[in-house]
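The values are calculated or read from the model by the stated rules, or taken from the named source; none is laboratory data. Only a predicted model underlies this, so the values are computations on that prediction, with no experimental measurement involved. We place every Cβ from the backbone using ideal geometry, glycine too, and count neighbours over all the protein chains shown. Surface accessibility is based on the protein's heavy atoms, side chains included, excluding ligands, DNA and RNA. Shrake-Rupley method; radii C 1.70, N 1.55, O 1.52, S 1.80 Å.
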Amino acid sequence: MSKSEALNKWVEEIAQLTTPDAIYWCDGSLEERERLIDEAVRKGSAIRLNSELRPSSVLFRSDPSDVARVEDRTFICSKTQEEAGPTNNWMDPQEMKAILRDLFKGSMKGRTMYVIPFCMGPIDSPMSIFAVQLTDSPYVVINMGIMTRMGTEALRKIEEGAEFVPCLHGVGYPLEEGQQDIPWPCAPMEKKYISHFPETREIISFGSGYGGNALLGKKCLALRIGSSIAREKGWLAEHMLILKLTNPQGEVFYICGAFPSATGKTNLAMIQPSLPGWKAETVGDDIAWMHFGEDGRLYAINPESGFFGVASGTSTASNPNAMASVSHDTVFTNVALTDEGDVWWEDIDGPVPEHLIDWQGNDWHKGDAWKPAHPNGRFTVAAGQCPSIADNWEDPKGVPIDAILVGGRRPSTIPLVNESFDWDHGVFLGSVLGSEVTAAVISDKIGQVRRDPFAMLPFSGYNIGDYLAHWLEIGDKSSREKLPKIFSVNWFRRDKDKNFLWPGFGDNSRVLDWITRRLKGEVEAVETPIGLLPKIEDLNLEGLDLREGVMEELLEVDKEAWKQELASIRNHYEGYERIPRRLMDQLDALENRLNEA
Ligand code: TSX
Ligand code: MN
């Protein structure tokens with residue numbers, strides 16, 4: 001029981017519906033986490049890793065049917081379907097609640113219901129949002145303890161009268177009297193529901209224990225419900241990293257970046273600059289909440305307190321700071337286990353072991369046809385363990401944002417870097433953000449562009465057209481000098497032989513260097529029909545060994561390719577019924593500039 005009547009009443013109501021054997025109020029302490037981990041190990045749902053190689057770390061393996069966010073089973077339950085828009089699944093709120101009431105009835109039988117008070121954002125930040133998640137999954141409690149400010153302090157704020165977002169979660173696997181539990185209980189796909197009620201600000205998730213389906217502070221609250229609150233209150237809840245950059249003169253810049261999945265957002269958030277004298281520090285790797293300060297500038301906080309990162313592809317070469325972060329006190333999910341009791345995944349440092357236990361618990365031998373770690377296997381680790389974490393990453397005022405990057409994975413057409421002419425043009429660049437469809441996605445044609453406006457397509461809690469209109473309105477609230485400048489970037493352009501033209505990774509600091517010199521007004525840009533591009537001589541390429549003509553290719557504006565791009569963008573816009581007039585105007589203006597050039 002707490003001192004909040006509203007909270008007690010809700011907890012009591014859900015307990016009566018779901019009939020758990022016990023109710024446990026989480027305090028968020030390390031002892032509590034240790035106890036839950038010990039219990040999970042004892043019950044066979046987690047494996048303790050070798051304490052010499054990976055101290056205080058564990059490995060969880062999920063059910064093979066429960067390995068990723070399920071967009072087909074994700075619903076925005078606003079009063080009207082139009083409000084959810086053409087890109088979200090919709091269901092009437094009353095109808096959804098009736099379905100969920102039936103599913104949750106008795107669904108926690110044989111289990112403990114955990115009460116998780118938590119805060120998204122630093123406890124004392126005026127931008128933070130309080131919430132309480134009810135769940136019957138200890139795995140969720142352990143992960144929420146890392147990813148959010150969970151426990152006593154959040155509860156005290158709620159008891160003092162702070163509003164909280166109710167987040168109900170259940171794995172949907174009740175236990176009958178004497179029934180043996182399984183390592184990863186969950187419900188079949190057709191019974192999974194990840195549902196959001198933007199008007200009443202509630203989240204109800206049933207049937208999945210994995211990631212964004214189950215850790216409700218992240219995608220569900222910080223992005224889907226967050227974007228709905230942000231629209232109403234005049235701020236931005238975005239799927240963006242936050243990077244602190246210090247140049248050799250000691251000047252500090254803060255940059256947000258929207259990147260769709262599989263474009264290396266976490267790697268950029270933890271970048272080690274190759275340019276001498278530059279320092280990069282991490283403020284956040286996934287979500288930015290941006291509010292206007294009294295000075296008319298946008299200030300960002302990272303609402304999370306940890307990283308829930310994709311393991312595959314992470315190595316000392318691609319992301320040394322992530323590797324150091326997960327060297328201890330880390331929860332791993334669905335990666336492979338070595339004979340020494342350490343973790344393994346695709347592209348991790350060192351040779352491929354001869355033998356592993358795969359993510360499903362089966363023997364794997366080098367040369368076997370399947371991947372031993374699941375491609376969506378994860379690490380969960382406290383942000384404070386990252387060597388590059390910025391000293392001020394928890395500043396309750398947030399950090400003032402100088403630039404916003406939007407970057408997709410495009411083999412052609414989109415240049416290495418392109419500065420928008422103004423805010424509206426920048427919003428246009430964000431609205432057409434997209435990535436080539438790679439073999440990882442089976443449902444679309446390989447090579448096509450999958451559009452993902454501001455990387456928010458799966459995360460906007462309301463109509464995507466209205467979401468873009470909100471971005472335009474944000475630009476009307478302040479003046480040009482105070483708003484961040486918006487840049488498009490593309491690390492993934494390829495030559496005719498499909499080789500990457502740009503070295504990427506730490507060398508992206510060369511692009512960041514140009515961006516900061518543009519912010520200071522130190523360098524002129526080349527005005528092109530598509531935006532403001534660097535003069536090659538203004539990019540610091542010292543120490544890079546690039547083939548003759550590569551920079552020209554990286555910055556080329558290919559008119560034929562852009563004709564195709566225009567058609568593709570028109571097609572994309574037509575799929576969204578409410579594209580703001582001002583973005584249509586941007587598209588027409590781009591077409592005119594390309595025709596005149
Ligand atoms: O994360 C990436 N970034 C951003 C880093 C700060 N990746 C990995 C993407 C998969 C998630 C990249 N891959 C980047 C990049 O900038 N660029 C590339 C493409 C690339 C891959 C390999 C090489 C060069 C470019 N070179 C060699 O392998 C030697
Ligand atoms: Mn993300």
The conditions are (1) part of a helix (DSSP H, G or I); (2) farther than 22 Å from Ile182 by Cα; (3) open to solvent by 40 Å² or more (accessible area, probe 1.4 Å), and Glu34 fails exactly one of them. Which is it?
(2)
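Within the stretch 129-141, identify whether any single residue is open to solvent by less than 40 Å² (accessible area, probe 1.4 Å), in contact with an Asp or Glu (Cβ under 7 Å, 6 or more places away or on another chain) and in a loop (DSSP other than H, G, I, E, B), and answer yes or no.
Looking for residues that are open to solvent by less than 40 Å² (accessible area, probe 1.4 Å), in contact with an Asp or Glu (Cβ under 7 Å, 6 or more places away or on another chain) and in a loop (DSSP other than H, G, I, E, B), one finds none in the stretch 129-141, hence no.
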Only listed residue being more than 13 Å from ligand 2 (Cβ to nearest atom) and farther than 19 Å from Ser431 by Cβ, chosen from Gly264, Gly250
Gly250
Starting from residues that are under 23 Å from Arg149 (Cβ atoms) and in a loop (DSSP other than H, G, I, E, B), keep the ones in the stretch 190-228 and report whichever is farthest from ligand 1 (Cβ to nearest atom).
Arg201
From the option list Gly426, Gly377, single residue qualifying as closer than 30 Å to Glu82 by Cα, buried (at least 22 other Cβ atoms within 10 Å of the Cβ) and small (Gly, Ala, Ser) is Gly426
I'm trying to understand the selection: among the residues of the stretch 440-490, which are within 16 Å of ligand 2 (Cβ to nearest atom), among the hydrophobic types (A, V, I, L, M, F, W, C) and part of a helix (DSSP H, G or I)?
Phe454, Ala455
Residue pairs within 7 Å by beta carbon, gap of at least six or interchain, first lying in the stretch 256-268 and among the β-branched types (Val, Ile, Thr), second more than 12 Å from ligand 2 (Cβ to nearest atom), listed first then second, are Thr263/Gly407; Thr263/Gly408; Thr263/Arg409; Thr263/Ser435; Thr266/Asn319; Thr266/Ala322
For Gly151, the lone unmet condition from (1) in contact with a Pro (Cβ under 9 Å, 6 or more places away or on another chain); (2) open to solvent by 10 Å² or more (accessible area, probe 1.4 Å) is (2)
Given the options Lys233, Lys265, Lys279, name the one that is touching a Lys or Arg at 6+ places or on another chain (Cβ under 9 Å), open to solvent by 10 Å² or more (accessible area, probe 1.4 Å) and modelled with pLDDT of 95 or more.
Lys279
If you take the residues of the stretch 310-337 that are surrounded by 23 or more Cβ atoms within 10 Å (Cβ to Cβ) and in a strand (DSSP E or B), which of them is farthest from ligand 1 (Cβ to nearest atom)?
Leu337
Can you name the condition, by its number, that Asp66 falls short on among (1) within 30 Å of Gln179 (Cα to Cα); (2) buried (at least 16 other Cβ atoms within 10 Å of the Cβ); (3) more than 25 Å from the chain's Cα centre (by Cα); (4) not small (Gly, Ala, Ser)?
(3)
Search the stretch 404-418 for residues that are within 16 Å of ligand 2 (Cβ to nearest atom) and pair each with any residue that is part of a strand (DSSP E or B) and not hydrophobic (A, V, I, L, M, F, W, C) when their beta-carbon atoms are under 6 Å apart and the residues are at least 6 apart or on different chains.
Leu405/Gly257; Val406/Ser488; Gly408/Gly434; Gly408/Ser435; Arg409/Ser435; Arg409/Glu436
Taking strands (runs of 3 or more DSSP E) that do not extend beyond the stretch 235-277, which have at least 2 residues that are over 15 Å from Ala455 (Cβ atoms)?
240-246, 252-258
Output the number of the condition that Ile203 fails; it satisfies all remaining conditions of (1) more than 27 Å from Ser478 (Cβ to Cβ); (2) more than 16 Å from ligand 2 (Cβ to nearest atom); (3) not assigned by TED's automatic domain parsing to the domain that holds Pro117; (4) not hydroxyl-bearing (Ser, Thr, Tyr).
(3)
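Quick grid of which residues meet (1) open to solvent by 30 Å² or more (accessible area, probe 1.4 Å); (2) touching a residue at least 60 places away in the same chain (Cβ under 8 Å); (3) in contact with a Leu (Cβ under 6 Å, 6 or more places away or on another chain):
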position: Gln16; (1), (2), (3): yes, no, no
position: Leu53; (1), (2), (3): yes, yes, no
position: Glu82; (1), (2), (3): yes, yes, no
position: Asn88; (1), (2), (3): no, yes, no
Top-ranked residue of the stretch 238-262 - restricted to ones that are over 18 Å from Val511 (Cβ atoms) and among the small types (Gly, Ala, Ser), ranked as most open to solvent (accessible area, probe 1.4 Å):
Ser261
